[in-house]
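Shown next, in structure tokens, is the structure this report addresses.
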Amino acid sequence: MPTCCRDTRVRPLLATGPSLVSLVSASSPYSLSKFLALDTYITVTPYWRKVLVVLIAPLPGLAAAVVPVFFPLQHPRLGPNLGYFAHVFWLTLASSFGTLIHLAEATSIPRELFSMTEILVVSALSGVFQCLNSYLLVKFVVYPIPFQLALTSTPWMMSLGVALVLVLRRKFTQNPIFRESLEAYRVCLPIQSIQLIVYPSLSVLYDHVNDTGKILVILSFPFAKYFMKKLLHRNSKHLGDFHAEVSVSGIEICASLYQSMILQTSPSAVSMIIVMGLDVVMGFLSIKVFLDRHGRCLEVPRDEIMATAIRRLHEPRTSAIVPTAAPVTSSSRRVSAGGKKKIENEPVVAAARGIADSVERILLVEYFEVIVPIVNSVFLIIASVLPSAQYNPRIAPLYHDHVRLKYALQSIWLYSLLQGLSCAVMHYVMKHRYGISALDHLAFVLDRHRDSIQGKMIPWLPLILHFTLIQYGTDFTFRFKFDDESVPPG
């Protein structure tokens with residue numbers, strides 16, 4: 001990855017960001033260094049690479065979700081088999097790996113302190129420990145374990161902690177950066193985990209209500225997303241440049257997936273119109289409200305704010321600290337210490353940084369609303385032809401039923417197509433109204449915050465897509481009579 005898009009220096013661990021007054025920033029939380037990195041990325045990164053970054057970003061999460069469908073499972077009445085434990089191991093591995101790379105990136109743990117090899121070993125060890133925990137529970141307590149993926153989250157965290165101590169040893173217990181990182185993220189992780197309860201509850205409710213109830217459930221989705229984003233937004237301000245990315249992708253990945261799963265299981269024209277209508281209105285309202293606010297009271301035209309700010313930052317500067325005879329040249333792409341502080345507080349520069357922050361949030365939302373349903377559709381194509389699909393109520397109706405699969409895919413693809421068209425229109429508006437390329441900004445954030453974004457997609461996609469497996473004891477009727485399930489015994 002080019003150094004222009006990833007900040008390789010060690011950033012302050014708990015650098016406190018500016019106080020924000022809204023979900024999409026009103027001030028300028030977009031740091032000056034990140035703003036300059038954005039300009040460099042746009043300038044030096046070839047077009048093909050930007051497109052490639054946008055296209056391949058979901059592939060690791062998709063791979064993590066697809067692998068478990070190849071593990072052979074058997075009906076719960078026959079007891080757990082090796083495929084069940086392989087399933088547990090893989091989901092734990094994916095959850096641990098994603099959590100660790102996301103945590104390390106968002107809290108700036110240097111790679112020399114916590115290497116990718118160490119992360120992989122810790123993740124594998126936690127998977128082994130979780131398999132042992134599951135074996136003891138199913139052997140001596142009950143199988144399937146009711147709502148296993150939710151109820152065993154505490155043993156998973158304990159397994160992860162033990163694995164960290166075994167692999168990192170004194171480095172983990174004596175270096176304060178690990179303790180500070182965990183402290184910095186101790187609230188954010190539980191907030192994101194709440195989604196394993198909120199969204200499944202809404203999707204199950206959707207499956208068991210009449211048409212009017214379905215409309216009400218769909219209308220409640222934006223409010224649930226807003227509440228979750230607001231909560232995560234308030235508790236992630238200390239993450240600095242990662243604040244926007246974490247507060248959006250931490251919620252939007254799960255929400256987009258569950259929204260597509262609702263359309264998959266019960267496609268209807270009314271549902272599609274409501275979902276798309278809400279998304280389009282929210283998208284363009286975001287542009288109108290949150291981007292226009294930054295350009296008010298400026299003499300610079302809206303479509304020249306970004307370019308003007310970049311020119312101001314690259315102009316040769318002198319200051320009281322740097323003698324006049326030795327100006328800092330524009331070729332260095334730097335400004336002096338005193339001049340830098342003065343320029344970054346200029347209205348046009350502050351407005352440009354605020355616009356960049358808002359654009360990042362808006363584009364991440366739109367991107368996940370397009371790409372996550374496509375990931376779900378690819379997963380369905382692969383999973384629906386394998387025997388393990390029989391044990392997942394979300395996929396079982398599609399098992400070797402090409403007609404149902406076709407209708408489910410058509411619904412998802414139509415939704416993604418309409419979202420894609422919405423993104424294209426949004427790109428046009430941003431380009432002509434603000435002089436901004438949506439592709440440039442989206443590729444930049446996906447590239448710069450790669451590990452943080454992958455650290456959420458890799459665990460969440462497999463966890464959500466396999467959450468309803470009957471082997472994991474998921475039963476929202478709370479009867480837990482899995483012997484009565486009308487699926488083949490093996």
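Restricting attention to region 102-123, which residues are part of a helix (DSSP H, G or I) and touching a Ser or Thr at 6+ places or on another chain (Cβ under 8 Å)?
102, 103, 104, 105, 106, 122, 123
What are the residues in region 366-390 that are within 16 Å of residue 66 (Cβ to Cβ) and either in a loop (DSSP other than H, G, I, E, B) or of a type in the set (Phe, Trp, Tyr) (or both), if any?
Result: 379, 384, 385, 386.
Taking residue 227 as meeting all but one of (1) modelled with pLDDT of 80 or more; (2) buried (at least 17 other Cβ atoms within 10 Å of the Cβ); (3) under 24 Å from residue 445 (Cα atoms); (4) out of contact with any Lys or Arg (no Cβ under 9 Å at 6 or more places or on another chain), write down the number of the exception.
If we test residue 227 against (1) modelled with pLDDT of 80 or more; (2) buried (at least 17 other Cβ atoms within 10 Å of the Cβ); (3) under 24 Å from residue 445 (Cα atoms); (4) out of contact with any Lys or Arg (no Cβ under 9 Å at 6 or more places or on another chain), just (2) comes out false.
On the basis of being among the aliphatic types (A, V, I, L, M), surrounded by fewer than 22 Cβ atoms within 10 Å (Cβ to Cβ) and under 19 Å from residue 375 (Cα atoms), does residue 405 make the cut?
Considered against the rule, which asks whether it is among the aliphatic types (A, V, I, L, M), surrounded by fewer than 22 Cβ atoms within 10 Å (Cβ to Cβ) and under 19 Å from residue 375 (Cα atoms), residue 405 comes out as yes.
Of everything in region 180-200, what is exposed (fewer than 14 other Cβ atoms within 10 Å of the Cβ) and more than 19 Å from residue 452 (Cα to Cα)? Give them in sequence order.
Answer for region 180-200, where residues must be exposed (fewer than 14 other Cβ atoms within 10 Å of the Cβ) and more than 19 Å from residue 452 (Cα to Cα): just 197.
Checking residue 479 against (1) assigned to a helix (DSSP H, G or I); (2) at pLDDT below 90, only one condition comes out false. Which one?
Residue 479 satisfies every listed condition except (1).
With respect to residue 126, determine if the residue is in contact with a helix residue (DSSP H, G or I) (Cβ under 7 Å, 6 or more places away or on another chain) and either at pLDDT below 90 or among the hydroxyl-bearing types (Ser, Thr, Tyr) (or both).
Considered against the rule, which asks whether it is in contact with a helix residue (DSSP H, G or I) (Cβ under 7 Å, 6 or more places away or on another chain) and either at pLDDT below 90 or among the hydroxyl-bearing types (Ser, Thr, Tyr) (or both), residue 126 comes out as yes.
Got a sec? Which of 232, 239, 205 is modelled with pLDDT under 85, within 30 Å of residue 34 (Cα to Cα), in contact with a helix residue (DSSP H, G or I) (Cβ under 9 Å, 6 or more places away or on another chain) and among the hydrophobic types (A, V, I, L, M, F, W, C)?
Result: 239 is the single residue among 232, 239, 205 that is modelled with pLDDT under 85, within 30 Å of residue 34 (Cα to Cα), in contact with a helix residue (DSSP H, G or I) (Cβ under 9 Å, 6 or more places away or on another chain) and among the hydrophobic types (A, V, I, L, M, F, W, C).
Does region 147-167 include one or more residues that are outside any helix (DSSP H, G or I), in contact (Cβ under 8 Å) with a residue 24 or more places away in the chain and within 27 Å of the chain's Cα centre (by Cα)?
Yes, the conditions are met somewhere in region 147-167.
Output the number of residues of region 230-259 satisfying the condition of being buried (at least 23 other Cβ atoms within 10 Å of the Cβ) and either of a type in the set (Lys, Arg) or not in a helix (DSSP H, G or I) (or both).
Total satisfying the criteria: 1.
Find all pairs meeting these conditions: Cβ atoms under 9 angstrom apart; at least six residues apart or on different chains; first residue within region 216-243 and in contact (Cβ under 8 Å) with a residue 60 or more places away in the chain; second residue among the acidic types (Asp, Glu).
Close Cβ pairs satisfying both conditions: 222/279; 229/252; 239/245; 241/7; 242/105; 243/357.
Could you grab me the full set of residues in region 4-63 that are modelled with pLDDT under 50, among the β-branched types (Val, Ile, Thr) and surrounded by fewer than 17 Cβ atoms within 10 Å (Cβ to Cβ)?
Hits for region 4-63 are 8, 10, 16, 21.
Please name all residue pairs, on different chains or six or more residues apart, with Cβ atoms under 6 Å, provided the first residue is in region 187-212 and is in contact (Cβ under 8 Å) with a residue 60 or more places away in the chain and more than 16 Å from residue 464 (Cβ to Cβ) and the second residue is of a type outside the set (A, V, I, L, M, F, W, C) and outside any helix (DSSP H, G or I).
Every condition considered, the pairs that remain are 188/235; 188/236.
Being buried (at least 20 other Cβ atoms within 10 Å of the Cβ), more than 23 Å from the chain's Cα centre (by Cα) and either touching a residue at least 12 places away in the same chain (Cβ under 8 Å) or not in a helix (DSSP H, G or I) (or both): is that true of residue 443 here?
no
Please go through region 107-123 and pick out each residue that is of a type in the set (Asp, Glu) and either modelled with pLDDT of 90 or more or touching a helix residue (DSSP H, G or I) at 6+ places or on another chain (Cβ under 8 Å) (or both).
118
Out of region 72-87, which residues are within 11 Å of residue 388 (Cβ to Cβ) and over 32 Å from the mean Cα position of the chain (by Cα)?
If the condition is that a residue be within 11 Å of residue 388 (Cβ to Cβ) and over 32 Å from the mean Cα position of the chain (by Cα), then 74 is the only one that fits.
The values are calculated or read from the model by the stated rules, or taken from the named source; none is laboratory data. Fair warning: this is a prediction, and the values are worked out from it, not measured in the lab. Positions of Cβ are backbone-derived with ideal geometry, glycine not excepted, and every protein chain shown enters the neighbour counts.
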